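For reference, the structure is listed below as structure tokens.
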Amino acid sequence: MPIRILIADDHAVVRSGLREVLRTDPDLEVVGEAEDGTETLRLAGTLHPDMILLDITMPPENGIKTAKQLKEEHPEIIVLFLTMHEEESLLHEALRAGASGYVIKRADRSEIIRAIHATSQGDIYVHPAMTRALLHQPVTTEHRRGLPAITLTRRELDVLRLLAKGNTNRQIAELLGLSRRTVENHRANLMGKLGLVSRVELVNYAEEHNLL
């Protein structure tokens, strides 16, 4: 099954260019395009894509606000930001909003495709030019303790507890009656919301918040 993708960008030329890029990979399928946040949310509900390639500078509100609403209404959909912005603050906002990846528009086509495949498998992907932002603002124990578990949904908490107890994505899917991809998406959402980058940090977070 190909990865079904919705392209959300307010520039028609960008959407057209992305279509051509994604057409080169037989495992990717563009199922629709949106030119603003409102249309993105509507098409997410009608087309049910696996992933949305989302711009940040997009009316009527910015893409980060759209991403937050998307993850609330459709937590199973992967959000991958494709943007011209290289500000470190926007990267952190994007991850907190639940995005699974952040790629700069000047990236070559092979990197865009690589980011799509990585995030579709439940990984977090950050453009190499932006990884310095993660190094400049490391996730410390004090930072984790300042992030209350109440920001997580009930299902995200379920996944977090089971991950912390050593279960694999497949085992969690069986225990919760979910698909493996849904579990992988919840895991990516957890890492994005909490600003964590590894399973070890997820386990530490669960321990610090008495979630085991």
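Bear in mind these aren't lab numbers, they're just calculated from the coordinates by the rules spelled out. The structure presented is a predicted model; accordingly, all values stated were derived computationally and were not measured. When we count neighbours, we look across all protein chains shown, and the Cβ atoms used for this are built from the backbone with ideal geometry, even at glycine.
Before moving on, here are some points about what is shown:
- Helix 37-47 and the long axis of the chain differ in direction by around 80°, with both axes built from C-alpha atoms.
- Taking Cα atoms only, the orientation of helix 63-73 departs from the longest principal axis of the chain by about 60 degrees.
- Rh by Kirkwood over Cα pairs, then Stokes-Einstein D for the chain at 1.306 mPa s and 10 °C, µm²/s: 92 µm²/s
- Working from Cα pairs under 8 Å separated by at least six residues, relative contact order for the chain is 17 percent.
- Shape of segment 87-130 from the C-alpha gyration tensor: oblate (a/c of 1.5 or more and a/b not above b/c, with a ≥ b ≥ c the square roots of its eigenvalues).
- Helix 180-194 axis versus longest C-alpha principal axis of the chain: approximately 80°, rounded to the nearest ten.
- Most fluctuating residue given options L176, L22, L70, as computed from a GNM of the chain linking Cα atoms under 10 Å: L176
- Nearest-20 debye value, segment 3-135 charge dipole, Cβ charges on Lys, Arg, Asp, Glu: 180 debye
- Cα gyration tensor shape of segment 7-107, rounded if a/c is under 1.5, else prolate or oblate by comparing a/b with b/c: rounded
- Put in line by how crowded their Cβ is, counting other Cβ atoms within 10 Å and starting with the fewest, T83, T57 read T57, T83.
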